[in-house]
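For reference, the structure is listed below as structure tokens.
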Amino acid sequence: MSTPIEKALHYHKAGKPREALKQYLRHLREHGGDHAVRHRVAALQFQLGDTGEAVRQLRRALDATPNHPDLLSDLGAMYLSLGRTEEAVSVLRRAIDVAPANALARNNLGQALFGLGHHEEAIRVLREAVAREPSFAGAHYNLGVALDAAALTGEAVAAFEEAVRLQPDLAEAERNLGRLYRAQRRFEPAIRCLERAIALVPSDTEARLSLGYCLKDAWRLPESIACARRLLQIQPDHVEGLVLLGAALLEFGQTAEAAESFAQALRLVPGHAEAWLGYASTRRFDEDDEESIARLSVLTARPSDDPRASAALHFAKAKIHDSRGEYDEAFGHYREANRLLRPTRYGTYVGFDKTVDRVINVFSTAFVARKRAEIGGCDSDRPVFIVGMPRSGSTLMEQIICSHPDAYGAGELSYFPSLGRVLGRLLGRTEHFPECVEGLGVSNLRLITEPYLKLLEWHSSSSRRVTDKLPDNFLWLGLIALLFPHATLIHTRRDPMDTCVSIYFQRFTYGHDYAQDLAEIGAVYRQYERLMRHWEIVFPGRIHTVVYEELIAKQEEVSRALIAACGLEWNPACLAFHRAERAVRTASASQVRQSLYGTSRERWRRYENHLQPLKDALGIT
């Protein structure tokens with residue numbers, strides 16, 4: 001007759017854990033048991049949900065063999081899964097002491113330390129885990145989570161990439177990798193990762209939300225809208241999905257439907273800051289509409305632990321007051337919103353004047369002439385770069401150009417700012433940008449230009465011209481002009497006061513760390529002006545400047561010159577840009593759905609009593 005152990009092994013192999021457990025327990029009653037049998041009993045009890053008994057069996061096994069590494073490791077893992085994190089840390093440290101090569105125990109210890117908020121030690125322990133066992137996908141994933149929490153984004157990306165390489169069906173790693181790629185504005189790989197995560201777990205609403213925002217960021221608005229609608233089919237009351245849908249619809253020009261999506265989100269979560277900001281952007285509020293003001297007054301008066309959310313509420317309230325002509329009240333909320341945001345920024349524009357000095361010193365007339373002769377440049381004439389300060393009319397210029405049937409708008413591509421972080425290494429130099437450009441030559445020209453052309457191809461494979469309207473590219477214009485001598489360079493310019501005030505009134509989701517202070521905005525504006533004057537000297541005749549106020553006054557004349565500068569034949573559709581069925585990526589999406597109007601000219605005068613710091617910074621008396 002079979003023994004209880006033999007029967008247990010038979011049931012275990014047959015996938016009958018309850019029957020196997022009964023036989024193991026029978027063996028313990030009849031014969032007692034060594035640590036191996038108790039270990040098996042504990043594993044089955046834990047599997048079947050009897051966690052208390054599972055822990056008791058492991059502790060009894062450890063009474064007999066106190067330093068058994070597998071028992072310690074599994075007990076620590078059980079404590080971790082039960083939320084008994086401090087006990088898990090203690091037991092797992094013992095497991096590692098007796099078996100330093102145990103990568104699983106190190107992985108679990110890293111998770112436990114992370115759960116207790118000990119991020120630095122967690123990262124160190126998880127690094128040791130992957131060093132001990134490089135093929136351990138779970139440890140690479142957990143390392144990525146810890147690195148991400150520590151804002152070590154580049155290393156987190158590498159850890160998630162390795163986890164996915166080792167275990168392609170690890171949906172969580174794909175989702176996190178897609179999210180981080182999006183944060184780096186690497187939309188093409190982000191979309192691929194998020195689509196794979198959804199294919200693995202179709203019910204993953206978090207991955208769908210990230211994909212929807214990534215598609216929106218990449219200007220694939222119809223797909224973003226479809227993604228948001230699919231998410232809401234899965235979970236109709238998903239508030240963040242409603243906000244995503246509203247944002248995508250707003251950028252696609254479907255303002256009424258966007259307003260309803262934001263309103264539905266607010267019915268579910270009345271204090272949702274992003275929904276309020278989106279809703280405030282969809283309509284004008286007349287003097288009889290007191291309800292929104294009253295509700296926002298309550299929300300903005302409440303203390304909050306989230307300065308970004310509070311800032312969004314103040315921006316929303318400011319927009320409503322502005323639309324009602326209540327300019328002093330509006331400015332007070334703009335000022336408070338920017339005050340809240342300022343501590344969350346990193347101050348990347350500190351010392352911006354020194355950066356401009358370095359760029360001007362490197363890109364001298366002699367240097368540009370020498371480099372132009374050395375490298376020749378890329379032959380492609382597809383790129384159209386639209387540069388200038390934010391809020392200077394770049395979106396309007398893009399919309400006019402892309403109303404032409406031979407042009408496509410790719411929006412704000414972050415290729416060159418991202419390139420700047422690795423350019424020195426790519427060029428084999430120890431210096432950073434701009435000094436590293438000395439290493440630019442024929443041998444590495446394609447290394448830099450081909451990925452950019454592939455990025456344009458990803459956005460549109462057929463258009464003769466593809467626009468990149470990242471305003472900050474004015475800093476990179478010297479490099480751009482050398483790399484792409486046949487590209488179109490458009491400079492958008494607007495009244496300095498209107499430009500700077502509009503920057504101050506805009507909630508930027510990334511970059512523009514100077515935008516929360518009027519004096520700093522003015523200082524950055526003056527450096528931008530100085531650098532653009534330099535580019536005009538170094539690249540005479542290359543840059544086509546469009547003045548926003550002139551476009552308002554002489555739309556057809558200025559539009560014809562703009563289209564001609566792009567090397568395209570005139571098309572009347574460029575005068576009806578506001579009717580174009582395409583995405584509009586701008587802080588004022590609804591505005592470029594209208595024909596040209598002059599109400600935004602000298603808008604700053606409505607707020608003149610509050611703008612002396614800006615005037616002083618710009619040198620305006």
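Within region 14-52, how many residues are assigned to a helix (DSSP H, G or I), open to solvent by 40 Å² or more (accessible area, probe 1.4 Å), at pLDDT 70 or above and farther than 20 Å from N102 by Cβ?
Number satisfying all stated conditions: 7.
Here are some residues: F508, F433. Which one is under 24 Å from the mean Cα position of the chain (by Cα), modelled with pLDDT of 95 or more and among the hydrophobic types (A, V, I, L, M, F, W, C)? Give the steps one after another, and end with the answer.
Numbers: F508 fails: modelled with pLDDT of 95 or more.
From the options F508, F433, the qualifying one is F433.
For region 81-99, how many residues meet the condition of being surrounded by 16 or more Cβ atoms within 10 Å (Cβ to Cβ) and among the acidic types (D, E)?
Counting residues in region 81-99 that are surrounded by 16 or more Cβ atoms within 10 Å (Cβ to Cβ) and among the acidic types (D, E) gives 1.
L396 - would you say it is modelled with pLDDT under 95, open to solvent by less than 40 Å² (accessible area, probe 1.4 Å) and assigned to a helix (DSSP H, G or I)? Lay out the reasoning, then the answer.
Numbers: modelled with pLDDT under 95: yes; open to solvent by less than 40 Å² (accessible area, probe 1.4 Å): yes; assigned to a helix (DSSP H, G or I): yes.
In short, yes.
Please state which one of I552, I543, I521, I490 is open to solvent by 30 Å² or more (accessible area, probe 1.4 Å) and out of contact with any Pro (no Cβ under 7 Å at 6 or more places or on another chain). Break it down stepwise before answering.
Details: I543 fails: open to solvent by 30 Å² or more (accessible area, probe 1.4 Å); I521 fails: open to solvent by 30 Å² or more (accessible area, probe 1.4 Å); I490 fails: open to solvent by 30 Å² or more (accessible area, probe 1.4 Å).
From the options I552, I543, I521, I490, the qualifying one is I552.
If a residue counts only when it is among the acidic types (D, E), on the phi < 0 side of the Ramachandran plot and over 22 Å from the mean Cα position of the chain (by Cα), which helices (runs of 4 or more DSSP H) contained entirely in region 200-289 have at least 1 such residues?
Working: elements: 205-217, 221-234, 239-251, 255-268, 273-280.
Because the criterion is at least 1 residues that are among the acidic types (D, E), on the phi < 0 side of the Ramachandran plot and over 22 Å from the mean Cα position of the chain (by Cα), the helices (runs of 4 or more DSSP H) in region 200-289 that meet it are 255-268.
Mind listing just one residue for me: the one in region 119-160 that is open to solvent by 70 Å² or more (accessible area, probe 1.4 Å) and assigned to a helix (DSSP H, G or I) and, of those, nearest to R192 (Cα to Cα)?
This residue is E155.
Tell me, please, whether a residue that is open to solvent by 40 Å² or more (accessible area, probe 1.4 Å) and of a type in the set (V, I, T) can be found in region 358-367.
Within region 358-367, one or more residues are open to solvent by 40 Å² or more (accessible area, probe 1.4 Å) and of a type in the set (V, I, T).
Tell me yes or no: at least one residue of region 262-270 is modelled with pLDDT of 95 or more and closer than 22 Å to P202 by Cα.
Scanning region 262-270, I find no residue that is modelled with pLDDT of 95 or more and closer than 22 Å to P202 by Cα, so the answer is no.
Return the pairs, sorted by first residue and then second, in which the second residue is open to solvent by less than 20 Å² (accessible area, probe 1.4 Å) and not in a helix (DSSP H, G or I), the first residue lies in region 356-370 and is of a type in the set (F, W, Y), the beta carbons are less than 7 Å apart, and the residues are 6+ apart or on different chains.
F363/P434
Six or more apart or on different chains, Cβ under 9 Å: which pairs go from a residue in region 433-457 that's farther than 17 Å from G478 by Cα and basic (K, R) to one that's surrounded by 15 or more Cβ atoms within 10 Å (Cβ to Cβ) and at pLDDT below 95? Could you list them?
So the pair list comes out empty.
Counting just the residues of region 195-216 that are β-branched (V, I, T) and farther than 13 Å from G241 by Cβ, which one comes out surrounded by the fewest Cβ atoms within 10 Å (Cβ to Cβ)? Step through it out loud before you land on a result.
To start, the set of residues in region 195-216 that are β-branched (V, I, T) comprises 198, 201, 205.
Next cut, farther than 13 Å from G241 by Cβ only: 198, 201.
Details: I198: 23, V201: 16.
My answer is V201.
Which residues, taken from region 445-470, are of a type in the set (S, T, N, Q) and either modelled with pLDDT of 95 or more or surrounded by fewer than 12 Cβ atoms within 10 Å (Cβ to Cβ) (or both)?
In the first step, residues of region 445-470 are kept if they are of a type in the set (S, T, N, Q); the result is 449, 460-463, 467.
If the condition is that a residue be of a type in the set (S, T, N, Q) and either modelled with pLDDT of 95 or more or surrounded by fewer than 12 Cβ atoms within 10 Å (Cβ to Cβ) (or both), then T449, S461, S462, S463, T467 are the ones that fit.
Keeping to region 272-291, report how many residues are open to solvent by less than 80 Å² (accessible area, probe 1.4 Å), modelled with pLDDT under 85 and closer than 16 Å to F262 by Cα.
So the first thing to find is which residues in region 272-291 are open to solvent by less than 80 Å² (accessible area, probe 1.4 Å), and the list is 272-282, 285, 289.
Narrowing the set further to residues that are modelled with pLDDT under 85 leaves 285, 289.
When the remaining residues are screened for being closer than 16 Å to F262 by Cα, the result is 285.
Number satisfying all stated conditions: 1.
Answer yes if at least one residue in region 420-427 is under 30 Å from S462 (Cβ atoms) and in a loop (DSSP other than H, G, I, E, B), and no otherwise.
Among the residues of region 420-427, not one is under 30 Å from S462 (Cβ atoms) and in a loop (DSSP other than H, G, I, E, B), which makes the answer no.
The values are calculated or read from the model by the stated rules, or taken from the named source; none is laboratory data. As the structure is a computational prediction, the values presented were derived from the model and not from experiment. Cβ: placed from backbone, ideal geometry, glycine included. Neighbour counts: every protein chain shown. The accessibility values were calculated without ligands, DNA or RNA, using every heavy atom of the protein model including side chains. Shrake-Rupley method; radii C 1.70, N 1.55, O 1.52, S 1.80 Å.
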